[in-house]
Amino acid sequence: MTKPIFSMRRRKFAICLAAYNGMTYIADQIESILLQKNVDLQIFISVDRSADGTEDCLAERALSEPRLTLLPFGDRFGGAGPNFYRLLRDVNLAGFDYLSFADQDDIWHPEKLWRAHCLLTEQGAFGYSSNVTAFWPSGKTQLVRKAQPQRTWDFMFEAAGPGCTYVLQSCLALTLQQMVRGADASLLRVGYHDWLIYAFARANKYSWVIDDWSSIQYRQHANNQIGVNAGWRSYWLRVRKMLSGHGFEQSLLIADLVQASSTPVVQHGLRGGRLGYLWLALRANQCRRKRLDQLWFFMLCMLFAVAKPPDRVGA
């Protein structure tokens, strides 16, 4: 992108990277971050206790790279979400213009952070995410579109794309950090940090932009914790989770954490019993961005409206 005149000062980015058994790909990921254009950055890394030498590898790399800061090793988090919450809680964000998040196995476009800064500035937004390009060891690639128009209640039911594309203005990042530091144990029951972050921003009136540009190569492999919705097996696993009521349970946890419990979508919908699911079904086009997801959402809500919902999301 061409440099706009308002961006002469180099912006400072804090990059929070969560790692676990990452030896195979993490060096390539770190290198792609260090090669970001037109910005200054510091990478903060938290490692879930690993068995493949990830900690030793990073400790050696940090000796020759001052832009790497390693948080103390040894803790077991048990998932990417708790690991990212640890980063949000412990990293000192003072002096940074932006906060960004990174997985351990992707490849960033060299202008990822610069473009996010430009778009956030041009649109006066506080949060940024983007499309991604999934790629597989076979050489197959697939553009994953996340930039459908935002809806009134989409943040209560989905993220704004993969968290590894997120960039937050410092004011949003610091407010989010306060929430994480003050949260109770229910925070660790939210398995999707990217969904929680997007919901926090939208619920607290921080505007968000989803870029129709692919900012990263999103690596797909057998150990992806979530990965891309590609293939019938992937769709079936997600359908099974939806039928269990897991998504609605996560919505309620997130609503409490981001202070959105009094909103109509919670009071009339999620906590409205069977009639509440009918209420949600009739507003499916305001609860998900993608048309196919709206259809799935409608059918799921109708199912819960006519049949007994799973016990953990209420009757």
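The numbers here are math on the coordinates, done by the rules we state, and not lab data. What you see is a predicted model, and the numbers here were worked out from it, not measured in a lab. Every residue, glycine among them, receives a Cβ derived from its backbone with ideal geometry; neighbour counts consider all protein chains shown.
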To make sure I understand, if each residue's beta carbon is the centre and we count other beta carbons within 10 Å, what order do Glu249, Glu158 fall in, fewest to most? Glu249, Glu158
Looking at the chain, what % of its DSSP beta bridges pair antiparallel, to the nearest 5? 30
Electrostatic dipole magnitude of the stretch 232-308 [Cβ: Lys, Arg +1; Asp, Glu -1; Cα centre; debye, to 20]: 320
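So what's the net charge close to Val190: Lys and Arg +1, Asp and Glu -1, counting the other residues with Cβ under 11 Å from its Cβ?
Numbers: positive: Arg189; negative: Asp194, Glu249, Asp256.
Spelling it out: positives minus negatives among the neighbours equals -2.
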Which of the three applies to the stretch 35-101, rounded, prolate or oblate, going by the alpha-carbon gyration tensor with a ≥ b ≥ c and a/c under 1.5 meaning rounded? oblate
Return the FRET efficiency for the residue pair Asp212, Leu34: r is the Cβ-Cβ distance, R0 is 25 Å, and the value is rounded to the nearest 0.05. 0.40
Distance in nm between pseudo-label sites at Gln142 and Ala62 (7 Å out along the Cβ direction from Cα): 3.7
Total charge dipole magnitude, the stretch 10-219, about the Cα centre, Cβ charges on Lys, Arg, Asp, Glu only, Debye to nearest 20: 540
Cα centroid distance between the stretch 255-315 and the stretch 97-116, in Å? 33
For Cα Rg over 2.2 N^0.38 Å, which listed value, (1) 1.05; (2) 1.00; (3) 1.65, comes from the coordinates shown? (2)
Which of the helices in the chain, when you take each full DSSP H run, stretch at least 20 Å along the axis at their Cα atoms and have an average Kyte-Doolittle score of 0.0 or higher? 291-306
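Could you list Thr165, Thr121 in order of exposure, starting from the residue whose Cβ has the fewest other Cβ atoms within 10 Å? Mind dumping the intermediate values first?
Working: Thr165 29, Thr121 14.
Result, fewest neighbours first: Thr121, Thr165.
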Could you list Asp154, Asp97, Asp28 so that the one with the fewest beta carbons within 10 Å of its beta carbon is first and the one with the most is last? Asp28, Asp97, Asp154
Express in nm, to one decimal, how much length is gained between Leu253 and Lys205 on full extension, taking 0.36 nm for each residue of separation and deducting their alpha carbon distance. 15.4 nm
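Rounded to the nearest 500 deg cm²/dmol, what is the calculated helix-only ellipticity per residue at 222 nm for the chain, with -39500 (n - 2.57) per DSSP H run of length n ≥ 4? Walk me through the intermediate numbers first.
Numbers: 10 runs with 116 residues, N = 315.
When only DSSP H runs of four or more count, the value is -11500 deg cm²/dmol.
By the scheme Lys and Arg +1, Asp and Glu -1, what is the net charge of all other residues having a beta-carbon under 12 Å from that of Arg291?
Working: positive: Arg145, Arg151, Arg288, Arg289, Lys290; negative: Asp293.
Residues near Arg291 contribute +4 overall.
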